[in-house]
Amino acid sequence: QVQLKESGAGLVQPGGSLTLSCAASGANANTYTEGWFRQAPGKQRELVASVTNLGFKKYADSVKGRFTISRRYGTIGMFLQMNGLKPEDTAVYFCNLNTSNMRYWGQGIQVTVSS
């Protein structure tokens, strides 16, 4: 049973920074993509950033230059370093893992950017 657990939720002022962490248990795959998605109230869930097992990274245009996704060393799991946070980054952030035949989600954590 694969489980994804996010941590690092918080309230931060505009311009501040936050690091999210995703830990995976029970996951064993050679080819996969890990990603962070977010969903703001009244909006659809959207991709924030993703990274493949080979290290290829992709970012939403809205976070390019501000957010950095990185993988955990030697295991499935990842981090999201968020700098220059804006009120529009406020959302529930979800950890996602896609293998060749399955898709897994974490429960989500709240990130609030407000003064």
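The values are calculated or read from the model by the stated rules, or taken from the named source; none is laboratory data. Note that the structure is a prediction, hence the values are computed from the model and not measured. Cβ placement follows ideal geometry from the backbone for every residue including glycine, while neighbour counts extend to all protein chains displayed. Heavy atoms of the whole protein, side chains included, go into the accessibility calculation; ligands, DNA and RNA do not. Shrake-Rupley method; radii C 1.70, N 1.55, O 1.52, S 1.80 Å.
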**Prompt:** Under the condition of being of a type in the set (Gly, Ala, Ser), farther than 22 Å from Thr75 by Cα and not in a strand (DSSP E or B), which residue from segment 10-35 is least open to solvent (accessible area, probe 1.4 Å)?
**Reply:** Gly16
**Prompt:** Any idea how many residues of segment 55-85 are in a loop (DSSP other than H, G, I, E, B), open to solvent by 50 Å² or more (accessible area, probe 1.4 Å) and closer than 20 Å to Gly108 by Cβ?
**Reply:** 2
**Message:** I'd like to know if segment 90-101 contains one or more residues that are in contact with a Gly (Cβ under 9 Å, 6 or more places away or on another chain), surrounded by 17 or more Cβ atoms within 10 Å (Cβ to Cβ), modelled with pLDDT of 95 or more and of a type in the set (S, T, N, Q).
**Reply:** yes
**Request:** Using the structure shown, decide if Arg38 is within 19 Å of Ser114 (Cα to Cα) and touching an Asp or Glu at 6+ places or on another chain (Cβ under 8 Å).
**Result:** yes
**Asked** What are the pairs, 6+ residues apart or on separate chains, where a residue within segment 66-85 that is touching a residue at least 60 places away in the same chain (Cβ under 8 Å) has its Cβ under 6 Å from a residue that is in a loop (DSSP other than H, G, I, E, B) and polar (S, T, N, Q)?
**Response** Asn83/Ser17
**Prompt:** Being closer than 23 Å to Ser114 by Cβ and either in contact (Cβ under 8 Å) with a residue 60 or more places away in the chain or of a type in the set (A, V, I, L, M, F, W, C) (or both), is that true of even one residue in segment 49-59?
**Reply:** yes
**Asked** Is it the case that Thr52 is modelled with pLDDT under 95, of a type in the set (Ser, Thr, Tyr) and surrounded by 14 or more Cβ atoms within 10 Å (Cβ to Cβ)?
**Response** yes
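Restricting the search to segment 38-49, which residues are within 10 Å of the chain's Cα centre (by Cα) and open to solvent by 30 Å² or more (accessible area, probe 1.4 Å)?
Residue satisfying the conditions is Leu47 alone.
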